[in-house]
1. Being at positive phi, modelled with pLDDT under 95 and not in a strand (DSSP E or B): is that true of residue 38 here?
2. Restricting to segment 78-101, name every residue that is modelled with pLDDT of 95 or more and farther than 12 Å from residue 3 by Cα.
3. Go through the residues of segment 24-34 one by one and say whether even a single one is buried (at least 17 other Cβ atoms within 10 Å of the Cβ), part of a strand (DSSP E or B) and within 16 Å of the ligand (Cβ to nearest atom).
Amino acid sequence: MFKFKVGDKVKITAGKDKGRDGKIEALDSKKNTVLVPDINLYKKHVKGQASQQGQKGGIYDIPRPLSLAKVALICPKCNQVTRVGFRIVGDEKVRICRKCNKEIDTK
Ligand SMILES: [Zn+2]
């Protein structure tokens, strides 16, 4: 089971955006990366195309996927950076916060 989900709040723990936080917009469980808006931006040069309306040339800031090793979950219950644990509830596995021991996922 994957430790992170889309919508999770995470803290960046390494790299140029270290210390910042954001919400996971997308994740790739094969590459073990997450995409967080406005984090890990890089400049992309885009050429204008006359054939496509609204497509302007210029330099755009595009977020690049971050390795999971560089993010830590911020617990929605205690608001602390935490590691994710798991607990079996009924026949379901739910994520728990190692700091406050509360279930992270609410239904
Ligand atoms: Zn917690």
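The values are calculated or read from the model by the stated rules, or taken from the named source; none is laboratory data. As the structure is a computational prediction, the values presented were derived from the model and not from experiment. Every residue, glycine as well, gets a Cβ built from its backbone with ideal geometry; the counts of neighbours run over all protein chains shown.
1. Answer is yes for this residue.
2. 78, 79, 80, 81, 98, 99, 100, 101, listed by residue number.
3. Scanning segment 24-34 turns up no residue that is buried (at least 17 other Cβ atoms within 10 Å of the Cβ), part of a strand (DSSP E or B) and within 16 Å of the ligand (Cβ to nearest atom).
So that you can scan it fast, the table gives a plain yes or no per residue for (1) without any contact (Cβ under 8 Å) to a residue 24 or more places away in the chain; (2) not basic (Lys, Arg):
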| position | (1), (2) |
| --- | --- |
| 21 | no, yes |
| 33 | no, yes |
| 38 | no, yes |
| 43 | yes, no |
| 60 | yes, yes |
| 68 | no, yes |
| 79 | yes, yes |
| 82 | yes, yes |
| 95 | no, no |
